[in-house]
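So the structure is just underneath, and the comments pick up after that.
The values are calculated or read from the model by the stated rules, or taken from the named source; none is laboratory data. Here the structure is a predicted model, which is why all the values come from computation and not from measurement. Here Cβ is always computed from backbone atoms with ideal geometry, including for glycine, and neighbour counts include all displayed protein chains. Areas reflect the complete protein model, heavy atoms only, side chains present, ligands, DNA and RNA absent. Shrake-Rupley method; radii C 1.70, N 1.55, O 1.52, S 1.80 Å.
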Amino acid sequence: MSKHHITTTINGEATEFLAEPQQTLLDVLRDNLNLTGSKEGCSSGDCGACSVILDGALVCSCLTLAVEAEGRTVTTIEGIATGEKLHPLQQKFLEHAALQCGFCTPGFLVAAKALLDRDPNPSETDIRYWLAGNLCRCTGYDKIVRAVQDAAAEMRGARR
Ligand code: FES
Ligand code: FES
């Protein structure tokens, strides 16, 4: 099958790749571009481990065709930090021990970033609702929610 030539922006960098028509964005990120932070948990849109931000919208990259990235902007977990400086969400996940195995963590972080990008002061209910599409199999969700709340507060403080 002929491949499509895709021109896109990933984590702020102009990126080109070749993709089969049926190839998912997750597969291209992991297998073609070596961006392996996005995880494959279910391949069916149920776990959120593959979450990325596509033109500002949170999507499951396992349900997104790679060709849909044409001309668009993708943010993956690899694009969250600023150089060596962790994103406040990453720092707060560490401080709150909001992870155990970490397999789900990239998806939680990307999803939480998408939330804080649109709402810098979400309620606990908002956070729980927003993260309902991200499954963690081994830790309690409370620490994750506390980490997001703490990161949001710190980011609001930094904006003042
Ligand atoms: S791997 Fe995409 S939602 Fe689970
Ligand atoms: S930390 Fe293990 S699945 Fe989330």
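Taking the chain as a Gaussian network, where each spring joins two C-alpha atoms under 10 Å apart, which residue of Lys85, Lys113, Lys143 fluctuates the most?
The residue that fluctuates most here is Lys85.
Given the protein chains as shown and a 1.4 Å probe, how many square angstrom of Ser2 are accessible, to the nearest 10?
So the heavy atoms of Ser2 present about 90 Å² to solvent.
Could you give me the radius of gyration and the Dmax of the stretch 37-156, taking only the C-alpha atoms into account and expressing both in angstrom?
Answer for the stretch 37-156, Rg first and Dmax second: 13.4, 38 Å.
Sort His4, His87, His96 from largest to smallest accessible area, using a 1.4 Å probe on the heavy atoms of the protein chains. Working shown, then result.
Details: His4 85, His87 25, His96 55 Å².
My answer, sorted largest first, is His4, His96, His87.
Please report the relative contact order for the chain, taking Cα pairs under 8 Å with a sequence separation of at least 6, and give it as a percent rounded to a whole number. Please report the intermediate quantities before stating the final value.
Details: 282 pairs, mean separation 37.0, N = 160.
The value is 23 percent.
Evaluate E = 1/(1 + (r/R0)^6) for Glu154 and Ser2, where r is the Cβ-Cβ distance and R0 equals 41 Å; express this FRET efficiency to the nearest 0.05.
Working: r = 48 Å, r/R0 = 1.18.
Given R0 = 41 Å and the Cβ-Cβ separation, E is 0.25.
If amide H atoms are built 1.01 Å from N in the plane of the peptide, which residues on other chains or at least 5 residues away come under 5 Å of the amide H of Leu65?
Those qualifying (amide H under 5 Å, at least 5 residues apart or on another chain) are Leu25.
I'd like the orientation of helix 105-118 relative to the chain: the angle between its Cα long axis and the longest Cα principal axis, in ° from 0 to 90, rounded to 10.
80 degrees
Using DSSP to define loop residues, name the GluC sites (Glu not before Pro) in the stretch 61-160 whose beta-carbon has at most 16 other beta-carbon atoms within 10 Å.
On the way: sites: Glu68, Glu70, Glu78, Glu84, Glu95, Glu124, Glu154; in loops: Glu70, Glu84.
Filter output for the stretch 61-160: Glu70, Glu84.
Amide H neighbours of Thr15 under 5 Å, at least 5 residues apart or on other chains, H built in the peptide plane: list them.
Placed amide hydrogens put Thr8, Thr9, Ile10 under 5 Å from Thr15.
Checking the cross-link filter: which lysines have an alpha carbon closer than 19 Å to that of Lys143, excluding same-chain neighbours under 8 positions apart?
Hits, sequence-local ones excluded: Lys92, Lys113.
Report Rg/Rh for the stretch 1-81, rounded to two decimals, where Rg is the Cα radius of gyration and Rh the Kirkwood radius. Don't skip to the end; give the middle numbers.
Details: Rg = 11.4 Å, Rh = 12.3 Å.
Over the Cα atoms of the stretch 1-81, Rg/Rh equals 0.92.
In the Gaussian network model of the chain, springs joining C-alpha atoms below 10 Å, which of Leu86, Leu63, Leu109 carries the largest mean-square fluctuation?
Leu86
Return the FRET efficiency for the residue pair Thr139, Glu78: r is the Cβ-Cβ distance, R0 is 30 Å, and the value is rounded to the nearest 0.05.
Values: r = 22 Å, r/R0 = 0.75.
According to the calculation, E is roughly 0.85.
How high is the relative contact order of the stretch 88-159? Use alpha-carbon pairs under 8 Å, at least six apart in sequence, and give a whole percent.
On the way: 68 pairs, mean separation 36.5, N = 72.
Averaging sequence separation for qualifying contacts and normalising by length gives 51 percent for the stretch 88-159.
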